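Heads up, the thing below is written out as structure tokens.
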Amino acid sequence: MADDAGLTRAWVLHPDIKTDQGRRNPAASLEEARALALALPGLEVVGAAVVPLPRARPGELFGKGKLAELGAQFHDREIDLVLIDGAITPVQQRNLERDWGVKILDRTGLILEIFADRARTREGVLQVELAALSYQRTRLVRAWTHLERQRGGLGFVGGPGETQIEADRRAIDEAITRLRRQLAKVVKTRQLHRASRAKVPYPIVALVGYTNAGKSTLFNRLTGAEVMARDMLFATLDPTMRAVTLPSGTEIILSDTVGFISDLPTELVAAFRATLEEVLAADLIVHVRDISHPGTEEQARDVTGILAGLGVGQDTPVIELWNKIDLVAPDERDTLAARAKRREDVYIVSAIGGEGMGALLEAISQRLEAPTQGAELKLSFAEGRKRAWLFDHATVIKEVETEEGWTIFVEWTARKRAEFEQL
């Protein structure tokens, strides 16, 4: 039952299955699952626990003794919702709900709920709906009206009744087809925007990283924007882009992207591919890591794996940013600084405090430097605007005034030449 504040009382379980090949640190996994639950409005996380399992039982996941023990605990604490940090089958979900008398949500369902709550742009909303329907197609949908009433959710993990929401697969398939058609139009619009940027080709620098690594805080510091930045998983879902002028004078487009997470639902990897297209098109990737997190190495491997899965090539340069250094103890900080110095593309920063920003911007400038080439240009007196642009944006070696106008010798990059040709 919901409490007096209208919150759904939830309990988080992390099944630590000994036979899992990709088994992670159970304590860190439980903490991450709890943080996911706290990221969803309308929930009161009453408790959380790791449940060691020699193996997963196909019918109910847990053995009979553990089922009874947990069921009694949930009954005594008046739990409404149990969040299971992992994938469960529709059969397991149905049996657990029957035995415990609570609503069950697995990791994928929880992440989809969070995404539904956070998506703001048209593309983000469509992608969430598409991912939700793909997930829903594989399982029975039962009523969970509390959160739906409270926050106007999409209803893909519950709704008015079993027989009313996407009752047959044909209806879901028709909805998926319609959403894909709408999403294709939105993606086409983004491609047109990208094409228009290519005419004035600024380099794209994409911030990527595990969720809650501090990307949005860094983005805000570098751009002066006010993107939602909180100590919360998935604070940013929709891609945000801003123009930034580096101290060197180079203009770039900085892109803040959705945070990655371990075991990202396959439905979301596919549905959010368009959101991550800016990463695929990036001239430079800045991998932001929360270096204070105990699982930072595992998180970094997750991000690297997802980037590879998205098709990000090895030819795209990557800078690794060890963020949140302000949260690290002084002695450990010295050790990290020594480690970073031994690696060419690692920088230590505090996005919230501003430490290391100068070195980061210098590194970005260096990675984006392109070879220059000489050119001889002839401009008429009527092309004074182009002449002024050259003095502002290229290196003018020599200028000779003629009867018809000017002959100007410049050094510039291919990118600057392309910009000039668009004038």
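What the table shows:
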item	result
Interchain or long-range residues, amide H under 5 Å from G214's placed H	none
For I319, distant residues with modelled amide H under 5 Å away	I285, V286, H287
Whole-Hz ³J(HN,Hα) from phi, Karplus 6.51 cos²θ - 1.76 cosθ + 1.60, for the stretch 244-254, glycine and proline x	9, 9, 6, x, 6, x, 5, 9, 10, 10, 9
Cross-link pairs K185/K386; K215/K341; K64/K103; K66/K103; K103/K324; K341/K416 - those with Cα-Cα distance over 26 Å	K185/K386; K103/K324; K341/K416
Per-residue HN-Hα couplings for the stretch 177-183 [Karplus 6.51, -1.76, 1.60; θ = phi - 60°; Hz; x = Gly/Pro]	4, 5, 5, 4, 5, 5, 5
Share, in percent, of DSSP beta bridges within the stretch 8-107 that are antiparallel, nearest 5	5
HN-Hα J in Hz across the stretch 104-120 - Karplus 6.51, -1.76, 1.60, θ = phi - 60°, x for Gly and Pro	10, 9, 8, 4, 4, x, 5, 5, 4, 4, 5, 4, 4, 6, 9, 4, 10
Mean-position separation - Cα centroids, the stretch 339-376 and the stretch 27-95, in angstrom	45
Placed amide H near V50: partners under 5 Å, 5+ positions off or other chain	H14
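Bear in mind that the values in this text are calculations on the coordinates, not laboratory data. Keep in mind that what you see is a predicted model, and the values were worked out from it rather than measured.
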